[in-house]
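What follows is a short report on a single structure.
The values are calculated or read from the model by the stated rules, or taken from the named source; none is laboratory data. Note that the coordinates shown come from a computational prediction; the quantities given were computed from them, not determined experimentally. A quick note on method: Cβ atoms are made from the backbone with ideal geometry, for glycine too, and the neighbour counts reach across all protein chains shown. Remember, those area values only see protein heavy atoms, side chains included, never the ligands or the DNA or RNA. Shrake-Rupley method; radii C 1.70, N 1.55, O 1.52, S 1.80 Å.
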2 protein chains.
Amino acid sequence: MAGGFFQSRWVERPPHVTERDPHGLPRGFRAAGVAAGIKPSGDPDVGLLVCDEPGCTSDARFTASAAPAAPVTLTRERCALERIRTIAVNAGNANAATGRRGVEHAAKMQGAAAMASGVREDQVAVCSTGVIGVPLPVDDVGRGILACAHALSADGGGAFARAIRTTDALDKQACVEVTLPSGTVTVAAQCKGAGMISPRFATLLCFVQTDAAMSAQTCALLLGTCVKRSFQRISVDGQLSTNDTVVLQASGATGVAVEPETEDELRLGEAIDAVMRELALRCVRDGEGARRVGRVVVRGGDPDDVGRVARAVADSPLVKTALYGGDPNWGRIIQAVGQALGAPGGVGGRAGLGGPGGSGGAGGPVPVDIAIEGVTVCSASAGVDHDAAALAAAVARDEVEYEITLPGDGAEAECYFSDLGHEYVTINAEYTT
Amino acid sequence: MAGGFFQSRWVERPPHVTERDPHGLPRGFRAAGVAAGIKPSGDPDVGLLVCDEPGCTSDARFTASAAPAAPVTLTRERCALERIRTIAVNAGNANAATGRRGVEHAAKMQGAAAMASGVREDQVAVCSTGVIGVPLPVDDVGRGILACAHALSADGGGAFARAIRTTDALDKQACVEVTLPSGTVTVAAQCKGAGMISPRFATLLCFVQTDAAMSAQTCALLLGTCVKRSFQRISVDGQLSTNDTVVLQASGATGVAVEPETEDELRLGEAIDAVMRELALRCVRDGEGARRVGRVVVRGGDPDDVGRVARAVADSPLVKTALYGGDPNWGRIIQAVGQALGAPGGVGGRAGLGGPGGSGGAGGPVPVDIAIEGVTVCSASAGVDHDAAALAAAVARDEVEYEITLPGDGAEAECYFSDLGHEYVTINAEYTT
């Protein structure tokens, strides 16, 4: 990976962190990936990741969709999330919107992975990604899992990462060494995602492993914090997948114990955070057909407002097309702010025609300041003179930063987003049927 | 207008309604439009509409944006909305995000229109549409208003309609005669809008006139109901403008009195409803670069849920690109349903990674039925066999209908939406700077 793993100006490699071969795995883990005939392309499509330490701890996060895929439902209900040892993944079929049969297939997948890896069924998580609404070819998946079990190896991280991909164009894996006061540990991660949901190929998946020893509570704390600062801050097309799953596992194989509220925990957290943020940014950069990545930072007095505004700007097709076109169009930013803070509503409210005398921002507009790449373009909701040529040059770069200031202070939210260009339309409209 | 005004299969011409020359106006109204040099193209850009009846009644609806444009703020605050006689409009500049100076400019526009039409200032509504964040060339607008005043005529509806346009490609005006039990009245409307907000050109504007006599309360009732069933049910890009304004005026010039809860009111309401619905659909069809129009109807037991789902489907870039590509991709519909009914959230919540064990739809997926053009493709959230070739042919037509059934009954919501194609990207990314 030319230039190393940490490529965005928005993620710094923390001190105490050294990059290793990105295909590596921490001690106590083995992985494999094989082609089992699920992807029509014949590419690898079944992956297996196993922790050989019986004392392994873990935690997981899932999609918030009300239409979760069968593997999400099954893993939530029939897997002990604090002691996941085996993860079985297939790409090419999401096993979503597949009804009761889909859950039976996910259970079969879990059983096959348990048997193949010699682990109790309730310590196996299953994930799928791919086409929605088509029955899973579960026998092919089972054969793939068996083949993986025979191929498991300590340097199988690369094969596993390849097998979980769908439309991803960029590599999304990392392996770093972290120097803790109590000893040296390794953190590795394998991720896929190029759109919250791609052309009938759904999902963000991210698997993170470390060989530090820690309690399931510490796993939960670190994973919760890091997910909030990474995958919960990105938007490709604002669309929530049916299959999103993120898992953190700690094998403890180094014997380096990470206790709560210690320097060990802080440094390990920084490392996991940086790895997950860079992976999340890479999902945005790999967003279907993306040319540029935007970062919006919103500051103000109301935590809900700053979050809503950041998401509205990141999801706006008008802001995204302007980013694609290299157009510093702040009128679209203020439009998105006005919408985010305006009157709510389901059908209709969004169209915005309020009651007599007007609902929404009765009186004047909310005072908003906007800066793009450090250049203030709008103050108290009115345009200010600025060097348009310098700004135009700045927004033509790969990463563009937008800062929005609402009234009050103390709250801040950020979001990373891809642009919206012809390639997105082509991928999503023309290559699907 | 080939084929008459009512062109969509989703809007029927009501009985008692006869189409007239779409450029006509009801009795008691005069209008004009001139080129005042605000649009760089030199096209007409200032319009004036005046009711000559001092007893005119009216009502208005505005954008719910928290960043409303200056003319919206001014009209809300300094215009008696129940007796608007004069409407002054400029296109080419939205007078939005223009600060205190923008409000002063809107006040000047109101003053000029009052003087030019011989009407009290507080009976003048002002509207602007066009570029955001650039000071209004208020002297040009003033001169345009004066020129309009000299050109006002009973058949000036066409000139007025042309002057309020920005990126509109389709004609959006109508004039119909309505036979009421108490006599015959006329309803006319002039509308603009091709995107909730176009490339730096914002806004939906719609002006409706009738020569029936009715109270301001009846105006409010009819306008409120009809806006809910038309402009509040459309989505081009899900983006709320800073300038949306809809006005209904009744001159009373025919002397035909429309009393509450009479057959007169019912028929007049049907006529206004049909005109506004067809105009709203035309805005969708004219949605920037749109090729096809979708209609989503959601039925279920929870009014909030059905509204949220309808809006989520209509706003989904994945559903819109599938519509563009003529792809009956129901996986994307179920994905949007899952997102709409999943765990809420600002930054992060939408990305969907819930807590341990999963937030959102814990347990299995919500059972959803989906039919496209009358063909059931999904039942209880699992795909069902159907004639794929017939369905593919059906979704290649100009109008595509999606029906979604959630658990329960008694609630229904619908939304009309445009597709998302290369033309949208081109218009919004490439022609703006």
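What is the calculated FRET efficiency for A:E77 to A:R101, with r their C-beta to C-beta distance and R₀ = 22 Å, to the nearest 0.05?
Given R0 = 22 Å and the Cβ-Cβ separation, E is 0.85.
Quick one: if you take sqrt(5λ) for each eigenvalue of the C-alpha gyration tensor of the range A:97-236, what semi-axes come out, biggest first, whole angstrom?
On the way: eigenvalues 145, 85, 48 Å².
Calculated on Cα positions only, the semi-axes equal 27, 21, 16 Å.
Relative to the longest principal axis of chain A, what angle (0 to 90°, nearest 10) does the C-alpha long axis of helix A:263-285 take?
70
Taking the Cα centroid of the range A:1-68 and of the range A:314-337, what is the distance between the two, rounded to the nearest whole Å?
33
Percent of accessible area on the protein assembly as shown owned by carbon and sulfur, 1.4 Å probe? All intermediate terms of the calculation are to be shown ahead of the outcome.
Details: 13740 of 27640 Å².
Whole-percent figure for carbon plus sulfur exposure: 50.
Suppose R0 equals 51 Å; then what is the FRET efficiency for A:L170 and B:S41 from their Cβ-Cβ distance, rounded to the nearest 0.05?
Working: r = 43 Å, r/R0 = 0.84.
The computed FRET efficiency comes out at 0.75.
Give me the dipole magnitude in Debye, nearest 20, for the protein assembly as shown about the Cα centre, with unit charges on the beta carbon: positive for Lys and Arg, negative for Asp and Glu.
Numbers: 76 positive and 102 negative charges, 84 e Å.
The dipole magnitude comes to about 400 debye.
For chain A, with every protein chain kept in place, what is the accessible area per residue (1.4 Å probe, Å²)?
32
When the C-alpha atoms of the range A:1-79 are aligned to their principal axes, what extent does each axis show, in angstrom, from largest down?
Computed over the range A:1-79, the largest-to-smallest principal extents equal 40, 33, 31 Å.
Let me have the relative contact order for the range B:373-423, percent, based on Cα pairs under 8 Å that are six or more residues apart. All intermediate terms of the calculation are to be shown ahead of the outcome.
Details: 20 pairs, mean separation 17.3, N = 51.
So the answer I get is 34 percent.
So which trypsin sites (Lys or Arg not before Pro) in the range A:50-127 end up in coil per DSSP with only 16 or fewer other C-beta atoms within 10 Å? It would help to have the intermediate numbers written out before the result.
Details: sites: A:R61, A:R76, A:R78, A:R83, A:R85, A:R100, A:R101, A:K108, A:R120; in loops: A:R85, A:R120.
Passing sites in the range A:50-127 are A:R120.
Please name whichever of B:L49, B:V319, B:F417 sits farthest to the positive end of the charge dipole of chain B, dipole taken about the Cα centre and charges placed at Cβ: Lys and Arg +1, Asp and Glu -1.
Checked the options; the winner is B:L49.
In debye to the nearest 20, how big a dipole does chain A give about its Cα centre with +1 on each Lys and Arg Cβ and -1 on each Asp and Glu Cβ? Walk me through the numbers on the way to the answer.
Details: 38 positive and 51 negative charges, 250 e Å.
Dipole about the Cα centre, nearest 20: 1200 debye.
Hey, which of these cross-link pairs are over 24 Å Cα-Cα: B:K39/B:K228; B:K39/B:K108; A:K39/A:K108; B:K39/B:K192; A:K228/B:K320; A:K320/B:K228?
Check vs 24 Å cut-off fails for B:K39/B:K228; A:K228/B:K320; A:K320/B:K228.
Taking the Cα centre of the protein assembly as shown as the origin and placing charges on Cβ (Lys, Arg +1; Asp, Glu -1), which of A:S379, B:S153, A:A66 is farthest toward the positive end of the dipole?
Of A:S379, B:S153, A:A66, it is B:S153.
Report the full-extension gain for the segment A:T225 to A:E177: residue separation times 0.36 nm, less the Cα-Cα distance, to one decimal in nm. Mind showing how you got there, number by number?
Working: separation 48, 0.36 × 48 = 17.28 nm, distance 2.03 nm.
Difference between extended and current length: 15.2 nm.
In deg cm²/dmol and to the nearest 500, what is the mean residue ellipticity at 222 nm of chain A if only DSSP H runs of at least 4 residues count, each as -39500 (n - 2.57), divided by the residue total? Could you put the intermediate results ahead of the total?
Working: 11 runs with 131 residues, N = 433.
Dividing the helical sum by the residues of chain A leaves -9500 deg cm²/dmol.
Specify, per residue and in Å³, the volume enclosed by the convex hull of the alpha carbon atoms belonging to the protein assembly as shown. Please report the intermediate quantities before stating the final value.
Numbers: hull volume 120.1 nm³, N = 866.
Spread over its residues, the Cα hull of the protein assembly as shown gives 139 Å³ apiece.
Can you tell me which of A:A220, A:A96, A:A163 moves the most in a GNM of chain A? Springs connect C-alpha atoms under 10 Å apart.
It is A:A220.
Can you tell me how much longer the chain between B:H150 and B:S215 gets when fully stretched, taken as 0.36 nm per residue apart minus their C-alpha distance, in nm with one decimal? Don't skip to the answer; put the middle values down first.
Working: separation 65, 0.36 × 65 = 23.40 nm, distance 3.03 nm.
Between B:H150 and B:S215, full extension yields an extra 20.4 nm.
Compute, for the range B:214-290, the length of the dipole vector about the Cα centre, with Cβ point charges of +1 (Lys, Arg) and -1 (Asp, Glu) only. Units Debye, rounded to 20. Provide the component values of the computation, followed by the final result.
Numbers: 7 positive and 12 negative charges, 46 e Å.
Using Cβ point charges on Lys, Arg, Asp and Glu, the range B:214-290 gives about 220 debye.
Please tell me the relative contact order of the range B:54-192 in percent, rounded to the nearest whole number, where contacts are Cα pairs under 8 Å and at least six residues apart.
Relative contact order comes out at 22 percent.
What number, in percent, do you get for the relative contact order of chain B if the mean sequence gap of Cα pairs under 8 Å and at least 6 apart is divided by its residue count?
Numbers: 1081 pairs, mean separation 75.6, N = 433.
The normalised contact order for chain B reaches 17 percent.
Of the candidates A:N93, A:N243, A:N329, which one comes out as most mobile in a Gaussian network treatment of chain A with C-alpha springs shorter than 10 Å?
A:N329
Using +1 at the Cβ of each Lys and Arg and -1 at the Cβ of each Asp and Glu in the protein assembly as shown, identify which of A:V176, B:N243, B:A389 lies farthest towards the dipole's positive end.
With unit charges placed on the Cβ atoms, the residue in question is B:A389.
For the A and B pair, go ahead and give the buried accessible area with a 1.4 Å probe, both sides summed, in Å² to 100.
Numbers: alone 17500 and 17480 Å², together 27640 Å².
Buried area between the two chains comes out at roughly 7400 Å².
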